[in-house]
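The values are calculated or read from the model by the stated rules, or taken from the named source; none is laboratory data. As the structure is a prediction and not an experimental result, all values here were calculated from the model. Neighbour counts are summed over all protein chains in view; Cβ atoms, including those assigned to glycine, are modelled from backbone coordinates with ideal geometry.
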Amino acid sequence: MKRGLTVFASVAALMAFFYFVAGKWAIHHTTLAFADILRGDRDVTVELSVRRDREMEAIAEMIELPVVILSHGNTVKHTEYSFLTNTFAARGYLVVSIQHDLSTDDPMVTKASEEYVGRRSQYNRGIANILFTIDELKKLYPNADYRHLTLVGHSNGGDISMYFAKLHPDLVKKVVTLDNLRVPFVTDGKVKILSFRSKDPQFKADPGVVPDDETCAKAGIQVVRTEFQHNDLSDRGSDQVKGFIGSAVEDFLNDLGEDDSPFDLPRLSKPRPTIDQLAASVPDR
């Protein structure tokens, strides 16, 4: 087991190096600022990340870019998930990281007696941001696939992603959440779901949010229970945490047959430690 964990740590470190290089040289990052006139000129700032070669191929109408929409957690900025944006962008996705919260917004409050503890308005605002951003991006990147979205979200952003999938299942192909706590998972099996769960006493999912093991097995939902803290599921976490999440996302995409990675990354041979064993081996930050 120790040897397997050592190999995994080496693979994670190598992946981190590759994606650092990709983020600096091979991936094009740009920031766009939109104003939604239908919502009082609300500012919607997004960061785009895309592989330069794939971007050129899309411009030349050779390919259609798959699209990832990334939604941040409460009090975390949309730019604090570079390890995930680089992971998806390196595989050929157009990654769209949206800043949902503004300094002028009312503070988020918890109302235990209400559905989703009173946060439906924040989810609706996030969904409006996503739909508005897609409409704007269609003008800039017409050769991208906005009909089969991959939604990625941390905490409140994970709830926005899951709520979007619930309301617009015809537009969503995959959902990756990092410790969403309020909105129950979609369990009809039509949307592929990967969810990372923290082990943080201050952040507990509401009853019914995470399905039981039997439901997950029937719906093809992958739940990864970790020893990580809730806010470490972002760039604030250690390199080991980010490397583990990135590797698990790679496995998830590979299992779905989406293997457009530009890097010939070494893979662990079978048998290997279970994902729960690997997660437990990473110390808290």
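So here's what we get for this one:
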read-out: Per-region count, the stretch 182-196, residues surrounded by fewer than 22 Cβ atoms within 10 Å (Cβ to Cβ), of a type in the set (V, I, T) and touching a residue at least 40 places away in the same chain (Cβ under 8 Å); value: 0
read-out: Number of the condition not met by K199 [criteria: (1) surrounded by 17 or more Cβ atoms within 10 Å (Cβ to Cβ); (2) under 19 Å from the mean Cα position of the chain (by Cα); (3) under 25 Å from E80 (Cα atoms)]; value: (1)
read-out: Residue match in the stretch 231-244 (condition: at pLDDT 95 or above, assigned to a helix (DSSP H, G or I), in contact with a His (Cβ under 6 Å, 6 or more places away or on another chain) and of a type in the set (G, A, S)); value: no
read-out: Criterion violated by S261 - all others in (1) surrounded by 15 or more Cβ atoms within 10 Å (Cβ to Cβ); (2) at pLDDT 95 or above; (3) among the polar types (S, T, N, Q) satisfied; value: (2)
read-out: Any hit, the stretch 92-104, residues being free of Cβ contacts under 8 Å to residues at least 40 places away in the same chain, over 30 Å from P207 (Cα atoms) and among the charged types (D, E, K, R); value: no
read-out: Candidate set: the stretch 166-191, residues that are acidic (D, E) and in contact with a Lys or Arg (Cβ under 9 Å, 6 or more places away or on another chain); chosen: the one nearest to K204 (Cα to Cα); value: D179
read-out: Every residue from the stretch 163-181 that is in a loop (DSSP other than H, G, I, E, B) and surrounded by fewer than 23 Cβ atoms within 10 Å (Cβ to Cβ); value: H168, L181
read-out: Residue list for the stretch 126-162, filter: assigned to a helix (DSSP H, G or I), under 16 Å from D101 (Cβ atoms) and not aliphatic (A, V, I, L, M); value: G126, N129, F132, T133, N156, G157, G158, D159, S161
read-out: All positions within the stretch 74-85 that are surrounded by 24 or more Cβ atoms within 10 Å (Cβ to Cβ) and in contact with a Ser or Thr (Cβ under 7 Å, 6 or more places away or on another chain); value: Y81, T85
read-out: Qualifying residue in the stretch 141-159 (condition: hydrophobic (A, V, I, L, M, F, W, C), over 15 Å from V46 (Cα atoms) and surrounded by 15 or more Cβ atoms within 10 Å (Cβ to Cβ)); value: yes
read-out: Enumeration of residues in the stretch 112-134 that are without any contact (Cβ under 8 Å) to a residue 40 or more places away in the chain, of a type in the set (S, T, N, Q) and in contact with a helix residue (DSSP H, G or I) (Cβ under 9 Å, 6 or more places away or on another chain); value: Q122, N124
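Here is a yes/no grid of residues against (1) in contact with a Ser or Thr (Cβ under 8 Å, 6 or more places away or on another chain); (2) outside any helix (DSSP H, G or I); (3) at pLDDT below 95:
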site: V186; (1), (2), (3): no, yes, no
site: L194; (1), (2), (3): yes, yes, no
site: A205; (1), (2), (3): no, yes, no
site: A217; (1), (2), (3): no, no, no
site: V224; (1), (2), (3): yes, yes, no
site: L268; (1), (2), (3): no, yes, yes
site: P271; (1), (2), (3): no, yes, yes
site: A279; (1), (2), (3): yes, no, yes
